[in-house]
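Chemist: Input: one structure, supplied below.
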Amino acid sequence: MSAARIVRVAGALVEARPMEGALYELAYVGTRRLLGEIVRQVGDTATIQVYEETNGLALGEPVDTAGTSLTAHLGPGLLGAVLDGTGRPLARLAEAGGDFIGEGVSAPTLDPGRRWAFTPAVAAGTQVRGGDVLGTVEETEGLTHAILVPPRTCGTVTAIAAGEYSCEDTLGTLDDGTPLRLAHRWPIRVPRPIAARLATRRPFVTGQRVFDLLFPVAEGGACAVPGGFGTGKTIIEQSLARFADADIIVYVGCGERGNEMTDVLTEFPALVDPRTGRPVMDRSVLIVNTSNMPVAAREASIYLGVTVAEYYRDQGRRVALMIDSTSRWAEALREMGARLQEMPGEEGYPTYLASRLSLFFERAAVARAQGAPEREGAVTIIGAISPPGGDFSEPVTQASLRVTGAMWALDASLAQQRHYPAVDWDSSFSLYADQVSPWFAEHAGRDWEEIRHYLIALLQRERELRDIASLVGPDALEDEDRFVMNVAWIIRDVLLRQSAFHPHDARSSIAKTYAMASAAVLAARTGRDALARGIPAARLDLQGVRHALSVLRDAPDDEVEVQAGRAVAAATGIASGVAR
Amino acid sequence: MTTFQRTYRGAHAAAGPLLFLQHARRVALGERVVVRQEGQPDRRGQVIDAGEERTVIQLLDDPVGLAPHRVEVILTGEPVRTVVGRDLLGRAFSGHGAPVDGLPAPIGSTVRPVAGAPLNPVRRAKPSDFIETGVSAIDAMNTLVRGQKLPVFSGPGLPGLDLAARIVEGARAPHGEAFAVVFAAVGITARETQVFVDRIRASGAMARTVLYLNEASHPSVERLLAPRLALTAAEYLAFDAGMQVLVVVADMTHYCEALRELGTAREEVPGRRGYPGYMYTDLASLYERAGIVKGRPGSITLIPIVTMPDDDITHPIPDLTGYITEGQVVLSRELHRRGIDPPIDVLPSLSRLMNSGIGEKRTWRDHREWSDQLYASYARGREARSMAAIVGAGGLLPADRRALDFADAFEAAFIGQGTARRTIMETAEAGWRLLDALPREDLARLSDRAFQERQAARAAAPPEEPAP
Ligand SMILES: Nc1ncnc2c1ncn2[C@@H]1O[C@H](COP(=O)(O)OP(=O)(O)OP(=O)(O)O)[C@@H](O)[C@H]1O
Ligand SMILES: [Mg+2]
């Protein structure tokens, strides 16, 4: 045991002396051995950010270094787990410490008591390198977990055997004596190595019409979702976690509400993933560090999240990482920076905010994994942002936008009109749209791109018209303009709105999205043609299309085709009273 | 805390609510401190920065008259705690927990640290039990559920506290059981406090109420303590004694100002508008104490009152509150001016837990779509109203004109219910009557089924005309 003692406790930070640690080295603080991380070392004094409640820590209590940095324990058993920001499973903490989180209770991320049936993929004598697949276990029903040689490790396998192992057991060895196990550790602040970054044309299909249609994100991309309180960020993150087309979901509740995690925990086990027929919980890892839990662990939580995501990517999985909310992480950084008396940058955030954010978002990628056999995987990051006062000019939003390829900007006035998802189509953007359009054309409908442009142009026109109408009154508009406004209203109200609570509307398959969009565009074109042919506006009736589109929207997947046909008929028929 | 009591003679410095000690040993963060000075009552304090060179103590009592060189500082070796128990019901305490009702200090069942501990998220139970408040704007469109934290965003001079009092008087839990009430007055005037307390008394709820009163004239440092005392008492009543507890804190704006005062005294780098950068975390440590715990019968429902400075909802206090709470009930100066009581603006108001609290078996099956329709028609009417202000009502489309009439009626008859309490079914009927005036094409949010059922019900029992 070292002679280091606590000489100061201020909030989440502790100073200890005499101590010679390394930056980001872990430390055990106080007689209860709270976990912390060295963030500054000056002379013989180390400053440690502590991941647990520091109330009650006293001057003179001992401090030890651990010799390692904060790592994630990566192996089978992560799926379905609920971890805090440092990787402690919350259910085990509750068993050990009761309903309220006490201090100094610890539990390993992966249950050492749980055993997995391991099937080797290599034999003794094989030369292996970091990333090679040693074998597999079935982690959840139908999901095979590849057991990897830890990165930066190589050698010849001298022994390996099938059998039932826990994550602590040795299932084989390398010639230099390195034991092989189901799980390995990786420092959360260091990106896991890959063989190559790849370009992709594949979209991250969200199941939300407004995103898939207007602001698609490419797989391996990153997207920022800024919005004031109550604009729908959490519902979006949760809807994506439920319905997005990804193999694995890592959901980080970073500094948000406890009850929201209760929602997830009650719904995910019961909700069936339409692609696999298995509970959504089986493909999810939840990392939860709510607003009232220690801020230092909140700061760590997003790194734990992205490390877990990269780990599954390295197995060849398409992983989606949801962060709710990046702002709370940035605030934790600010809180710690202020206590370290660092010179603050904009709005009190540390000057390294932007560089940390870039490093983080750059961990999103489509990648060829290291090792054999060849595998491709992806990490897509969707990060919610909570700008103070809903003002997007603030540092976290701005720094994120420089490194994300898309922004879904949520607008408070749309949310107030209960238009959800409250995506402002004027200020939102996606740099991935051109890249992924061919995929949609191939999988949804050939004129996908054309429909998309038509919709965008129509919405833009409508906004101009609305500005005019608010000055002269809608009565004073031209026929065609009023028609455009009416169609645009249907597009906004039926196509772009999507209820997260409707059993069949909550997720929109790309077939449904395409069918609704193309019928709406058809109606718009038919009506404009009719007007151009001199048919009076009063004869155009949009009620039928609106109704057909609503029915299509609320239809279960197996009725989409039939209802799509009706919507097309209704769209062609809007001027039928005159045309025939 | 592993240390025991130590006494230091003389402090190094005092500044505002802070007292500085030099070279104190074995000090623990959060440790309770007693500051003794001859001829003055003892003051309580708490260690907020423990350091070998310098230890900072935040005083929990008024510092006026404090002479650092003449004090005796007793470090107690234990955290700041308070007595909790059922025998607190019916009692009134100051903002630092001393009885102010002339009775002796309660014996209590146990003592608890006021800081509380974070509830493990996996141990939370999902709040889903409808609370009938009797206020249509809330019950219909911003439904409160047991275990929710739902603030009232008020403005200077708006009746935020009055609304809270109505909720306290009117609230009925699902099986009709009465709520225990814990009220923390934080920096509000003696008159406001009196009015509120009188209403609780008049409603017969006093015997199941605990009061913590820090009024405007009381020390501002106590404002940081009063809500924590209230929540600690509430946690016992809810999670140990199994009661349904309603906590009202008025006014969080004063709380945040006291927090800012403390931050300035500590010479911290200020965040937005001078409020500390950690205010979000600090507020969360209060608001997140609302909720329900799996396997325990009680609940804490929290209604903080927030006065929006200058009616500005983007001000850091309502803003950070809204980011933590599960919705908000927003009062409108305009409605208030027009005499609409309660002046709730339903458009910016929101209850995020509404969905789990309504519907079949809770309120009634079509509650959601009925509420969406009221909302949509009203929103359209409000838009039409602002357009009419520019282009005149004549420039509006017929549907907009109908929506405008709807909005007027909605504000007058539905929102502006006056002081009467409405059951949820009375609220439903009041809403339907307004919708009845609209043609089917204006009711896009209603399903055919819900619409037809309403028509059938009307045909079966034609409603009496509402009194003019
Ligand atoms: N797609 C949707 N369908 C229906 N309702 C929605 C949808 N999106 C949001 N809402 C409504 O808006 C409310 C607020 O949404 P949400 O909690 O996601 O906001 P938020 O942006 O995460 O807010 P905060 O920043 O305070 O956490 C929800 O409780 C729900 O009532
Ligand atoms: Mg949210």
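The values are calculated or read from the model by the stated rules, or taken from the named source; none is laboratory data. Keep in mind that what you see is a predicted model, and the values were worked out from it rather than measured. Glycine gets a Cβ as well: all are built from the backbone with ideal geometry, and neighbour counts include every protein chain shown. Protein only, heavy atoms only, side chains kept; ligands, DNA and RNA dropped before computing areas. Shrake-Rupley method; radii C 1.70, N 1.55, O 1.52, S 1.80 Å.
Chemist: Quick one: would you say A:T153 is away from ligand 1 (no atom under 16 Å from the Cβ), more than 14 Å from every other protein chain (Cβ to nearest Cβ) and farther than 30 Å from A:Y51 by Cβ?
Modeler: no
Chemist: Taking only the stretch B:11-52 into account, find how many residues are more than 35 Å from the chain's Cα centre (by Cα), over 18 Å from A:P62 (Cα atoms) and part of a strand (DSSP E or B).
Modeler: The number of residues fulfilling the criteria is 4.
Chemist: Of the residues in the stretch A:226-248, how many are under 19 Å from A:F501 (Cβ atoms), open to solvent by less than 20 Å² (accessible area, probe 1.4 Å) and more than 7 Å from ligand 1 (Cβ to nearest atom)?
Modeler: 5
Chemist: While we're looking at this one, here's another question. Filter the stretch B:344-382 down to the residues that are within 30 Å of B:P156 (Cβ to Cβ), assigned to a helix (DSSP H, G or I), within 13 Å of ligand 1 (Cβ to nearest atom) and facing chain A (nearest Cβ under 10 Å) and list them by number.
Modeler: Answer for the stretch B:344-382, where residues must be within 30 Å of B:P156 (Cβ to Cβ), assigned to a helix (DSSP H, G or I), within 13 Å of ligand 1 (Cβ to nearest atom) and facing chain A (nearest Cβ under 10 Å): just B:Y375.
Chemist: Ok, one more. Given the condition open to solvent by 10 Å² or more (accessible area, probe 1.4 Å), at the interface with chain A (Cβ under 8 Å from one of its Cβ atoms) and modelled with pLDDT under 90, answer yes or no: does some residue in the stretch B:24-41 qualify?
Modeler: yes
Chemist: Ok, one more. Could you grab me the full set of residues in the stretch B:290-343 that are facing another protein chain (nearest Cβ under 9 Å), away from ligand 2 (no atom under 16 Å from the Cβ), at positive phi and not in a loop (DSSP other than H, G, I, E, B)?
Modeler: B:G291
Chemist: Please work out if B:R385 is open to solvent by 20 Å² or more (accessible area, probe 1.4 Å), at the interface with chain A (Cβ under 9 Å from one of its Cβ atoms) and at pLDDT below 95.
Modeler: Judged against the criteria, B:R385 is not a match.
Chemist: I'd like the residue in the stretch B:111-142 that is within 7 Å of another protein chain (Cβ to nearest Cβ) and in a helix (DSSP H, G or I) and, out of all such residues, is surrounded by the fewest Cβ atoms within 10 Å (Cβ to Cβ).
Modeler: Ranking the qualifying residues of the stretch B:111-142, first place goes to B:V122.
Chemist: Condition first: surrounded by 16 or more Cβ atoms within 10 Å (Cβ to Cβ), closer than 23 Å to B:E132 by Cβ and of a type in the set (G, A, S). Can you find one or more residues in the stretch B:429-441 that meet it?
Modeler: Within the stretch B:429-441, one or more residues are surrounded by 16 or more Cβ atoms within 10 Å (Cβ to Cβ), closer than 23 Å to B:E132 by Cβ and of a type in the set (G, A, S).
Chemist: Among the candidates A:V252, A:V225, single out the residue that is away from chain B (no Cβ under 14 Å) and either part of a helix (DSSP H, G or I) or within 13 Å of the chain's Cα centre (by Cα) (or both).
Modeler: A:V225
Chemist: When you go through A:E347, A:E299 one by one, which is the residue that is more than 16 Å from ligand 2 (Cβ to nearest atom), in a helix (DSSP H, G or I) and on the phi > 0 side of the Ramachandran plot?
Modeler: Exactly one of A:E347, A:E299 is more than 16 Å from ligand 2 (Cβ to nearest atom), in a helix (DSSP H, G or I) and on the phi > 0 side of the Ramachandran plot, namely A:E347.
Chemist: Could I ask something else about it? Being open to solvent by 10 Å² or more (accessible area, probe 1.4 Å) and not in a helix (DSSP H, G or I) is the filter here; which residues of the stretch A:302-343 pass it?
Modeler: Across the stretch A:302-343, the qualifying residues are A:Q315, A:G316, A:R317, A:R318, A:L340, A:Q341, A:E342, A:M343.
Chemist: How about the stretch B:194-225: which of its residues are out of contact with any Leu (no Cβ under 6 Å at 6 or more places or on another chain), hydroxyl-bearing (S, T, Y) and open to solvent by less than 10 Å² (accessible area, probe 1.4 Å)?
Modeler: Selection gives B:T209 alone.
Chemist: What tally of residues in the stretch A:193-209 results from selecting those that are crowded, with 24+ Cβ neighbours inside 10 Å and touching a Pro at 6+ places or on another chain (Cβ under 7 Å)?
Modeler: 2
Chemist: Moving on. So, A:E267, is that one more than 30 Å from A:D132 (Cα to Cα), surrounded by fewer than 23 Cβ atoms within 10 Å (Cβ to Cβ) and within 14 Å of chain B (Cβ to nearest Cβ) or not?
Modeler: Yes.
Chemist: From B:G90, B:G147, which residue is under 29 Å from B:A190 (Cβ atoms) and not polar (S, T, N, Q)?
Modeler: Being under 29 Å from B:A190 (Cβ atoms) and not polar (S, T, N, Q) holds for just one of B:G90, B:G147, which is B:G90.
Chemist: Tell me yes or no: at least one residue of the stretch A:431-440 is of a type in the set (F, W, Y), farther than 16 Å from A:L495 by Cβ and more than 14 Å from every other protein chain (Cβ to nearest Cβ).
Modeler: Yes, the conditions are met somewhere in the stretch A:431-440.
Chemist: Does B:R421 satisfy being farther than 28 Å from A:F483 by Cα and free of Cβ contacts under 8 Å to residues at least 12 places away in the same chain?
Modeler: In short, no.
Chemist: If you don't mind, there's one more thing I want to ask. Among the residues of the stretch A:350-397, which ones are away from ligand 1 (no atom under 15 Å from the Cβ), under 21 Å from A:M336 (Cα atoms) and touching a Phe, Trp or Tyr at 6+ places or on another chain (Cβ under 8 Å)?
Modeler: Of everything in the stretch A:350-397, those that are away from ligand 1 (no atom under 15 Å from the Cβ), under 21 Å from A:M336 (Cα atoms) and touching a Phe, Trp or Tyr at 6+ places or on another chain (Cβ under 8 Å) turn out to be A:F360, A:P395.
Chemist: Which numbered condition in (1) away from chain B (no Cβ under 14 Å); (2) under 29 Å from A:S291 (Cα atoms) is the only one that A:T144 fails?
Modeler: (2)
Chemist: To continue, here is another question. For the stretch B:84-118, name all the residues that are in contact with an Asp or Glu (Cβ under 8 Å, 6 or more places away or on another chain), in contact (Cβ under 8 Å) with a residue 60 or more places away in the chain and within 24 Å of A:M293 (Cβ to Cβ).
Modeler: Of everything in the stretch B:84-118, those that are in contact with an Asp or Glu (Cβ under 8 Å, 6 or more places away or on another chain), in contact (Cβ under 8 Å) with a residue 60 or more places away in the chain and within 24 Å of A:M293 (Cβ to Cβ) turn out to be B:V84, B:R112, B:G116, B:P118.
Chemist: Take the residues in the stretch A:33-63 that are part of a loop (DSSP other than H, G, I, E, B) and under 18 Å from A:P18 (Cα atoms), then tell me which one is most open to solvent (accessible area, probe 1.4 Å).
Modeler: Among those residues, the one meeting the criterion is A:R33.
Chemist: Moving on to the next point. Are any residues in the stretch B:392-419 more than 14 Å from chain A (Cβ to nearest Cβ) and more than 24 Å from B:R368 (Cα to Cα), and if so, which ones?
Modeler: If the condition is that a residue be more than 14 Å from chain A (Cβ to nearest Cβ) and more than 24 Å from B:R368 (Cα to Cα), then B:G418, B:T419 are the ones that fit.
Chemist: Cβ-Cβ under 9 Å, sequence separation 6+ or interchain: first residue in the stretch B:160-173 and farther than 20 Å from B:P318 by Cα and basic (K, R), partner open to solvent by less than 10 Å² (accessible area, probe 1.4 Å) and at pLDDT below 95. Which pairs?
Modeler: B:R166/B:T133; B:R166/B:G134; B:R172/B:I131; B:R172/B:T133; B:R172/B:G134; B:R172/B:F179
Chemist: Could you pull out the residue among A:S413, A:S400, A:S427 that is at pLDDT 95 or above and either more than 16 Å from ligand 2 (Cβ to nearest atom) or away from chain B (no Cβ under 14 Å) (or both)?
Modeler: None of the others qualify; the one that does is A:S400.
Chemist: Among what's in the stretch A:64-84 and is assigned to a loop (DSSP other than H, G, I, E, B) and more than 14 Å from chain B (Cβ to nearest Cβ), pick the residue that is nearest to A:E15 (Cα to Cα).
Modeler: Of everything passing the filter in the stretch A:64-84, A:L70 is nearest to A:E15 (Cα to Cα).
Chemist: How about the stretch B:1-10: which of its residues are away from chain A (no Cβ under 14 Å), assigned to a loop (DSSP other than H, G, I, E, B) and of a type in the set (V, I, T)?
Modeler: The answer is none; no residue qualifies.
Chemist: Please specify each residue of the stretch B:1-10 satisfying the condition of being under 23 Å from B:G97 (Cα atoms) and either surrounded by 17 or more Cβ atoms within 10 Å (Cβ to Cβ) or within 33 Å of the chain's Cα centre (by Cα) (or both).
Modeler: Answer for the stretch B:1-10, where residues must be under 23 Å from B:G97 (Cα atoms) and either surrounded by 17 or more Cβ atoms within 10 Å (Cβ to Cβ) or within 33 Å of the chain's Cα centre (by Cα) (or both): just B:M1.
Chemist: Let me ask something additional. Of the conditions (1) in contact with a helix residue (DSSP H, G or I) (Cβ under 9 Å, 6 or more places away or on another chain); (2) away from ligand 2 (no atom under 16 Å from the Cβ); (3) not in a helix (DSSP H, G or I), A:A500 fails just one. Which one is it?
Modeler: Looking at each condition in turn, A:A500 falls short on (2).
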